[in-house]
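The values are calculated or read from the model by the stated rules, or taken from the named source; none is laboratory data. Computed from a predicted model, the values in this text were never measured in an experiment. So basically every Cβ, Gly included, is an ideal-geometry build from the backbone, and we count neighbours across all protein chains shown. For the accessible areas, the whole protein counts, side chains as well, though only heavy atoms, and no ligand, DNA or RNA atoms are used. Shrake-Rupley method; radii C 1.70, N 1.55, O 1.52, S 1.80 Å.
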Amino acid sequence: MQKGNIGVTTENIFPVIKKFLYSDHEIFLREMVSNAVDATQKLKTLAQQGEFKGEPGDLTVHVSLDKEQGTITISDRGIGMTEEEIDKYINQIAFSGVNDFLEKYKDTANSIIGHFGLGFYSSFMVSKKVDIVTKSYREGSKAVKWSCDGSPAYEIDDAEREDRGTDIILYIDDDCKEFLEKERIQQLLNKYCKFMAVPVAFGKKQEWSSEKKEMVDTDEDNIINNVEPLWTKAPSTLKDEDYKSFYRTLYPMSDEPMFWIHLNVDYPFNLTGILYFPRIKSNLDLQRNKIQLYCNQVFVTDQVEGIVPEFLTLLHGVIDSPDIPLNVSRSYLQSDREVKKISTYITKKVADRLQAIFKENRAEYEEKWDDLKLFINYGILSEESFYDRAKDFALFKDVDGKHFTFDEYKTLIEGAQKDKNDQLVYLYATDKDEQYSYIEAAREKGYSVLLLDGQLDVPTIQTLEQKFEKSHFTRVDSDIIDRLIVKDDAKQVALTDSETANLSEVFRSQMPKMEKTEFTVDVQSLGESQRPVVITQNEWMRRMKDMSRFQAGMNFYGQMPDTLNLVLNADHPLVKRVLDDCKATTEEALKPIESELKGQEARLAAIRQQQEKKKPEELTQDDKDMKAETEKAIDEQKAKKTSVLGNFAAGNDIVHQLIDLALLQNGMLKGEALDKFLKRSVELIK
């Protein structure tokens with residue numbers, strides 16, 4: 001028997017492995033099975049090269065559980081090891097500088113194991129003792145047993161083993177008993193090993209026993225993996241149903257994908273895989289992390305942000321590359337040059353595939369556009385270079401459901417939708433029903449209206465405005481129709497300043513109080529045929545509020561109240577009637593108020609003119625008091641005027657009816673206010 005210490009420069013390697021790898025301790029099984037598969041594949045290679053003369057036979061890797069003994073055993077019939085090889089590969093760990101190691105690699109088990117070649121030693125994350133019983137394929141080799149109890153001390157002794165290969169026996173530690181449960185091991189094998197290149201068996205297949213009234217083991221091994229997954233096969237040999245079936249294997253609960261890309265490249269890096277386009281209408285976060293990264297058919301991670309651009313994390317599928325180490329850290333993925341090449345390549349392949357589908361079957365592409373556009377918009381928003389690829393297959397859809405490329409739509413609208421400054425105005429709606437009347441007003445003008453009702457449609461127009469020349473987007477309800485696309489200077493309102501101010505105050509006084517909503521009133525000359533009252537919302541402010549939901553640092557806009565503009569059409573007979581009624585009802589009461597107000601405003605103007613000639617320090621207290629008293633008198637008269645106009649408005653059914661109609665048009669009339677509107681409508685009809 002040989003005894004010794006593992007060649008490390010510190011005695012605390014095992015506590016370090018236990019403590020700092022604990023959060024990722026489940027990967028021990030991947031490492032053990034992966035080592036067994038590697039040993040088996042090496043034997044197959046030696047047999048092909050003629051260096052192994054024996055009969056390979058059954059090469060299945062077996063994982064077995066003994067709950068009573070508290071062990072997990074991973075067995076293979078690969079190349080095995082001699083005593084010298086155990087000493088070289090197991091006992092000598094090239095390891096130094098533990099303090100640097102702890103500081104740099106404490107956050108992730110993957111980076112530690114990968115960096116230091118500690119794949120086998122991950123077994124000590126869950127084990128209090130590990131035995132290796134192995135026999136080399138070399139002729140004349142004898143079996144040996146290596147044992148270690150989690151300290152640097154180990155023992156090597158002769159062992160009994162008839163066949164070549166290796167058994168790794170893990171004596172599971174008391175705080176890791178979960179790994180002695182069959183369901184837990186089955187889960188880990190399915191996660192990490194289901195596509196390994198050598199058959200992996202765990203237990204026996206089961207069948208129903210009518211005699212025992214339960215599932216019982218058969219004699220057939222339960223192979224948990226597919227050694228030739230779809231991405232390893234030539235695309236020319238596969239049918240659509242093969243791809244759909246594989247997708248169901250990967251994502252049993254998902255809807256059928258729209259289409260897919262089969263990746264296969266061997267220069268300047270090795271990469272295979274299949275990426276699927278799922279149906280992604282919303283819920284970005286729920287759709288992420290569906291791409292599985294493999295290294296030679298061994299599962300690595302589903303956190304692929306460093307390997308594919310952010311917007312491509314919405315895709316589903318598999319990427320397999322031996323050029324990406326099995327054990328990788330996120331910082332490695334973000335900085336490695338080869339990984340960046342892979343990212344660029346995948347982006348190009350995705351864009352090429354979309355372009356090809358668009359050209360080959362545009363009708364089918366348009367049918368799938370509502371599912372596709374979130375993905376494409378996300379790409380335009382998050383990847384600077386993606387717009388140049390996407391602009392030829394990204395589409396607009398109008399409110400009638402017709403689809404256009406960017407160039408096609410520009411050609412369609414540039415005759416009618418240029419304003420007086422030669423800016424091309426893209427009108428859009430976000431809800432056909434809620435904005436119906438605004439859409440119809442635009443149509444009557446001969447304008448086209450886009451439907452931008454997707455989750456990222458509105459944020460994307462910010463980018464498109466930067467890309468399109470002399471163009472901007474305006475929501476169809478952001479202003480009255482004549483001001484959406486301004487062709488000429490606005491028509492002057494045929495009212496005096498006093499009439500305009502009084503009319504504005506009449507309506508302003510009756511606007512409802514709504515949480516986080518402020519109303520302003522504007523009087524315009526829109527023509528007798530246009531609506532008497534319209535509610536609009538400033539395009540820029542609304543867009544900033546929309547963007548605040550997507551971009552950090554814009555929360556300020558999200559907290560601001562909605563500012564809505566009530567536009568009164570001074571040309572409409574009903575608005576004229578309100579103004580006439582207001583004059584008739586309030587003229588006598590307002591005369592003395594307005595007379596006093598004019599007198600006080602004239603006095604204030606004189607006081608200001610006089611005091612502007614003095615320096616601030618030259619103003620006496622009497623000067624200050626005189627000004628303050630005059631300002632107070634003006635405020636009092638304004639309050640009286642507001643009260644008179646408000647009292648008139650409160651009793652005027654037409655004012656309330658017009659306001660409620662505008663609110664109703666925008667889905668803002670509810671509850672008691674809606675009930676009052678309905679009762680008033682009946683009364684007005686009588």
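Worth a mention:
- Spin-label model, Glu228/Ala650: points 7 Å from Cα along the beta carbon direction are separated by 8.7 nm.
- For the cross-link pairs Lys88/Lys233; Lys88/Lys182; Lys445/Lys583; Lys233/Lys341, the ones whose C-alpha atoms lie over 26 Å apart are Lys88/Lys233; Lys88/Lys182; Lys445/Lys583.
- Within the chain, the selection of entire DSSP H helices by a Cα span of 20 Å or greater along the long axis and an average Kyte-Doolittle value of at least -0.5 returns 27-48, 671-685.
- Cα gyration tensor shape of region 332-448, rounded if a/c is under 1.5, else prolate or oblate by comparing a/b with b/c: prolate
- Based on Cα atoms of region 345-393, Rg over Rh with Rh as the Kirkwood radius reads 0.95.
- Sparsely packed loop sites in region 177-282 (the chymotrypsin sites (Phe, Trp or Tyr not before Pro) outside DSSP H, G, I, E and B with at most 16 other Cβ atoms within 10 Å) comprise Phe269.
- Furthest towards positive pole of dipole, Gly306, Tyr438, Gly646, structure part the chain, Cβ charges: Gly646
- Net charge of the neighbourhood of Lys177, taken over other residues with C-beta under 10 Å away and scored Lys/Arg +1, Asp/Glu -1, is -3.
- Contact order normalised by residue count of the chain, Cα under 8 Å, 6+ apart, percent: 8
- Most positive-pole-ward Cα, Trp369, Leu451, Ile342, against dipole of the chain from beta carbon charges: Leu451
- Cα-projected label distance for Val265 with Lys42, points at 7 Å along beta-carbon direction, nm: 3.2
- Solvent-accessible area per residue, Å², over the chain with all protein chains present [probe radius 1.4 Å]: 51
- Taking region 353-384 and a reference point 7 angstrom along Cα→Cβ of Lys244, the backbone N atoms nearer than 18 Å belong to 364-365, 367-368.
- Taken along the Cα-to-beta-carbon direction at a fixed 7 Å, the label points for Arg508 and Glu155 span 9.5 nm.
- With 30 Å as the limit, the listed pairs Lys44/Lys177; Lys42/Lys244; Lys128/Lys204; Lys402/Lys513; Lys591/Lys632 have Lys44/Lys177; Lys42/Lys244; Lys402/Lys513 beyond it between alpha carbons.
- Only the Cβ atoms of Lys and Arg (+1) and of Asp and Glu (-1) were treated as charged; on that basis the dipole of the chain about its Cα centre amounts to roughly 940 debye.
- Stretching His403 away from Glu178 to a fully extended chain increases their span by 75.5 nm, per 0.36 nm per residue minus the current alpha-carbon distance.
- The ellipsoid that matches the Cα gyration tensor of the chain has semi-axes, each √(5λ) in whole angstrom, of 76, 31, 24, with the longest given first.
- Full-extension gain in nm, Lys53 to Glu631, via 0.36 nm per residue minus C-alpha separation: 197.2 nm
- Region 553-686, accessible surface, carbon-and-sulfur percent (1.4 angstrom probe): 52
- Expressed as a whole percent, the accessible area of region 164-239 that falls on carbon and sulfur atoms is 46 (1.4 Å probe).
- Cβ-derived FRET efficiency at R0 25 Å, Lys470 paired with Ser385, nearest 0.05: 0.60
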